1. Is it fair to say M277 is over 22 Å from R200 (Cα atoms) and open to solvent by less than 50 Å² (accessible area, probe 1.4 Å)?
2. Among the listed residues M256, M222, identify the single one that is within 26 Å of Q178 (Cα to Cα) and either touching a helix residue (DSSP H, G or I) at 6+ places or on another chain (Cβ under 7 Å) or aliphatic (A, V, I, L, M) (or both).
3. Would you mind telling me which numbered condition in (1) within 14 Å of M277 (Cβ to Cβ); (2) without any contact (Cβ under 8 Å) to a residue 60 or more places away in the chain; (3) part of a loop (DSSP other than H, G, I, E, B) D118 fails?
4. Can you tell me which residue in segment 130-142 is nearest to L49 (Cα to Cα), limited to those that are open to solvent by 10 Å² or more (accessible area, probe 1.4 Å) and assigned to a strand (DSSP E or B)?
5. Identify, by number, the condition in (1) of a type in the set (F, W, Y); (2) within 23 Å of A57 (Cβ to Cβ); (3) assigned to a strand (DSSP E or B) that Y245 doesn't meet.
6. Of the numbered conditions (1) part of a loop (DSSP other than H, G, I, E, B); (2) at pLDDT 95 or above, P2 fails exactly one; give the number of that condition.
7. Tell me whether segment 276-294 contains one or more residues that are of a type in the set (A, V, I, L, M, F, W, C), assigned to a loop (DSSP other than H, G, I, E, B) and closer than 29 Å to I16 by Cβ.
8. If R127 passes every condition in (1) assigned to a strand (DSSP E or B); (2) open to solvent by less than 30 Å² (accessible area, probe 1.4 Å) but one, which one does it miss?
Amino acid sequence: MPIEIAPVTPDFVARITGIDLARPLSDADRQAIVSACDHYAVLVFPDQLLSKEALVAFGRSFGEVDTSLQKKLLNHVQNRLGTDEVTDISNVDAEGKVAAPDHWQTITTVGNRFWHSDGSYKHTPIRYSILNAVTAVAHGGETQYADLRAAWDALDETTQKLLSDKVGIFWSHNTRDQLKIPDTQAERSAFPKMRWPLVRRHPGSGRKVLWCDSKVCAIEGMPVPEGRALAHELIEHIGQRERVYSHKWQPGDLVMYDNRATVHRGRRFDHAERREMRRVETVDDSCSLGPAERQDIV
């Protein structure tokens, strides 16, 4: 029986049923998921609470699983899940209790409340992120997704022309510095600043995307204040309500999203309430334009 695809809108976000993701994917189902993700960018699979092993196996169906964030940063703080392949997106400490408000794990969830694409600050970024809800909060805690393809289409011609040759400098700790999070110098320099064109073409759909998120700390060829102001303007444009889907999590929900076509952000919730998510990411085959030469911009 083929999987069932129910679009949320004609071009953005679809709900997928009729499949058990804990079992190995057939070639037909894998291709159907890839094609659906090329078109809709965000896929919602309800009632799919997977073990760590099954989550990793599902991710590997779509390519190499990324471990760089855990190895370079996260697992130096805590490795509650005992693996480099699954990211612990939670406010839970190493003992399995709700973390204190000033715990690094809690603070990291605050940094996730800015629009971002997973791995946009890496030389080799992330293609698919696969996020699985273990526990959810009663109020807030949604994840919002914005369509970068629709954002490009909605730009006026003058702005499209302005951006056609612009290069953004992306840095992993840009928003964390804005929040005055006291990261160490080793943490701040774990990923060097990378250069990406602000306009890219999505290989699966052929559509252009507006490639800008909260990791942009400068735009080449522009004074730093002007470049940051332009990046802020573009992020505001990307996050307009008509281009945003807000997902209210239920335990067992699994959302797979294409970072080449979307940005996302978490929403505020009561950090005294347990919220536990697990994420697997696959490596993309595209590469940045290389490290930024100007290392004094932040």
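1. When the stated conditions are applied, M277 passes them.
2. That would be M222, the only listed residue that is within 26 Å of Q178 (Cα to Cα) and either touching a helix residue (DSSP H, G or I) at 6+ places or on another chain (Cβ under 7 Å) or aliphatic (A, V, I, L, M) (or both).
3. (2)
4. So the residue we want is V134.
5. Condition not satisfied by Y245: (2).
6. (2)
7. The answer is no, given that none of the residues of segment 276-294 is of a type in the set (A, V, I, L, M, F, W, C), assigned to a loop (DSSP other than H, G, I, E, B) and closer than 29 Å to I16 by Cβ.
8. It is condition (2) that R127 fails.
The values are calculated or read from the model by the stated rules, or taken from the named source; none is laboratory data. Remember, predicted model here, so these are calculated numbers, not experimental data. Reconstructed Cβ throughout: ideal geometry from the backbone, glycine too, with neighbour counts over all protein chains shown. Just the protein is used for accessible areas: all its heavy atoms, side chains included, with ligands, DNA and RNA removed. Shrake-Rupley method; radii C 1.70, N 1.55, O 1.52, S 1.80 Å.
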